[in-house]
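Each value in this text was obtained by applying a stated rule to the coordinates, not by laboratory testing. Small disclaimer: the values here were computed from a predicted structure and weren't measured. Positions of Cβ are generated from backbone atoms using ideal geometry, with glycine treated the same way; all protein chains shown enter the neighbour counts.
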Amino acid sequence: MRKIIVTIDGYSSCGKSTLAKKLASKLHYKYIDSGAMYRAITLYFLRNRIDWNDQSAVDNAISNIELHFEVNADTKQSEIFLNGENVEYVIRDLVVAEKVSEVAAVKEVRTFAVAAQQKLGDAKGIVMDGRDIGTTVFPNAELKIFLQADPAIRVTRRFKELHEKNPAVTIEEVKHNLEMRDYIDSNREISPLRKADDAIILDNTDLSPEETLNKAYELVLTMK
Ligand code: C5P
């Protein structure tokens, strides 16, 4: 069967990563979480006190960043490494989530991340999720999905996820973070979050992860 590129874009916490992981596994494709790259870069900037409004500091910092993904032998999930350190879990923290959209709006950061993402898609057979994958990273992807879910559902889902790891997190903090990221992601100058003209909308407000997967899989079958 011909290998294709599947892009999954959408607002924060609408289930993109859950769907992308499941779909990649069902298709025996590679899964890449492009948001993890922006989060890892943000973590590096925060740890090293890089001012992302200072272009030369950003250029210099980026030249010291190496990102790659490895599949965890136990969980079979792809995890991100920043300069050799597995940061898959630490990048999910709200401290990173609070700043990631500001960092992701910086031109040099996007140029670096997009080039790395495009390289990962060279051999096709990839499912990548993010905000600009169907519009900028892979504008010629065979299948583009724009995932949607009701905002209240998105907040509840993300709160559950974060609260399990950190019981101090409040629903208001999570709601504020999602609204802020969606606003910055949709209004930034470079590659704002948009539905690609040829993307198919999939609304999973009333669907289980399994039902969402089945719908997406049906879409893949129509592409082959
Ligand atoms: O997908 P996730 O919520 O982990 O992404 C974190 C942040 O990274 C987003 O809020 C957005 O600011 C940025 N991002 C982006 N472009 C992508 C993926 C993520 O700007 N393709």
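With equal scatterers on the alpha carbons only and no solvent term, can you work out the Debye log10 of I(q)/I(0) for the chain at 0.13 1/Å?
Relative scattering, expressed as log10 I(q)/I(0), comes to -0.74.
Using the Cα gyration tensor of segment 146-207, with a ≥ b ≥ c the square roots of its eigenvalues, what is the shape: rounded (a/c below 1.5), prolate (a/b larger than b/c) or oblate (neither)? Could the numbers behind the result be given before it?
Numbers: a/c = 3.10, a/b = 1.50, b/c = 2.07.
In terms of gyration-tensor shape, oblate.
Among 193, 115, 73, whose Cα lies farthest out toward the positive end of the dipole of the chain, if unit charges sit on the beta carbon of Lys, Arg (+1) and Asp, Glu (-1)?
Positive-most Cα among the choices belongs to 73.
If a paramagnetic tag sat 7 Å from the Cα of residue 119 along the Cα-Cβ line, which residues of segment 38-60 would have the backbone N under 18 Å from that point?
38-42, 59-60
So for 16, 21, 165, fewest C-beta neighbours within 10 Å to most, what's the order?
Numbers: 16 28, 21 19, 165 11.
Lowest to highest Cβ neighbour count: 165, 21, 16.
State which entries of 76/175; 26/107; 144/215 exceed 25 angstrom in Cα-Cα distance in the structure shown. Mind dumping the intermediate values first?
Values: 76/175 31 Å; 26/107 35 Å; 144/215 13 Å.
Distance filter (> 25 Å) returns 76/175; 26/107.
Evaluate the relative contact order of segment 5-223 (contact order divided by residue number), counting alpha-carbon pairs under 8 angstrom at least 6 apart; express in whole percent.
Details: 315 pairs, mean separation 73.7, N = 219.
Relative contact order, segment 5-223: 34 percent.
Gain in length, residue 219 to residue 164, computed as 0.36 nm per residue apart minus the alpha-carbon separation, to one decimal in nm?
So the chain would gain 16.5 nm between residue 219 and residue 164.
Identify which of 17, 34, 63 has the largest mean-square fluctuation in a Gaussian network model of the chain, with springs joining Cα atoms closer than 10 Å.
63
What chymotrypsin sites (Phe, Trp or Tyr not before Pro) does segment 1-91 have in DSSP loop regions with at most 10 other beta carbons within 10 Å? Could you put the intermediate results ahead of the total?
Values: sites: 11, 29, 31, 38, 44, 45, 52, 69, 81, 89; in loops: 11, 29, 52, 89.
Loop-located and lightly packed - 89.
In nm, give the distance between the simple-model label positions of residue 140 and residue 89, each being 7 Å from the Cα along the Cα-to-Cβ direction.
Roughly 4.2 nm, to one decimal.
Note down the magnitude of the dipole of the chain about its Cα centre, charges +1 on Lys and Arg C-beta and -1 on Asp and Glu C-beta and zero elsewhere, to the nearest 20 debye.
Magnitude of the dipole: close to 540 debye.
Among residues other than residue 165 whose Cβ falls under 13 Å from its Cβ, what is the net charge (Lys/Arg +1, Asp/Glu -1)? Write down the numbers at each step before the final one.
Numbers: positive: 92, 158, 160; negative: 88, 93, 161, 164.
Residues close to residue 165 contribute a combined charge of -1.
All other residues with a Cβ under 12 Å from the Cβ of residue 44 taken together, and with Lys, Arg as +1 and Asp, Glu as -1, what is their net charge?
Working: positive: 39, 47, 49, 99; negative: 66, 85.
Once positives and negatives cancel, what remains is +2.
Starting with the fewest neighbours, write out 49, 154 ranked by other beta-carbon atoms found within 10 Å of each beta-carbon.
Least crowded to most crowded, the residues run 49, 154.
Can you pull out the GluC sites (Glu not before Pro) in segment 119-216 that DSSP calls coil and that have at most 16 other Cβ atoms within 10 Å?
Numbers: sites: 142, 161, 164, 172, 173, 179, 189, 210, 211; in loops: 142, 189.
Here the GluC sites (Glu not before Pro) that fit, given the DSSP loop and packing criteria, are 142, 189.
Note the full-extension length gain between residue 57 and residue 173 as 0.36 nm times their separation in residues minus their Cα-Cα distance, in nm to one decimal. Write down the numbers at each step before the final one.
Numbers: separation 116, 0.36 × 116 = 41.76 nm, distance 3.01 nm.
Additional length available on full extension: 38.8 nm.
Lys and Arg at +1, Asp and Glu at -1: add these up for the other residues within a Cβ distance under 12 Å of residue 200 and post the number. Show your work: numbers first, answer last.
Numbers: positive: 144, 195, 215; negative: 9, 142, 197, 198, 203, 218.
Charge balance near residue 200 sits at -3.
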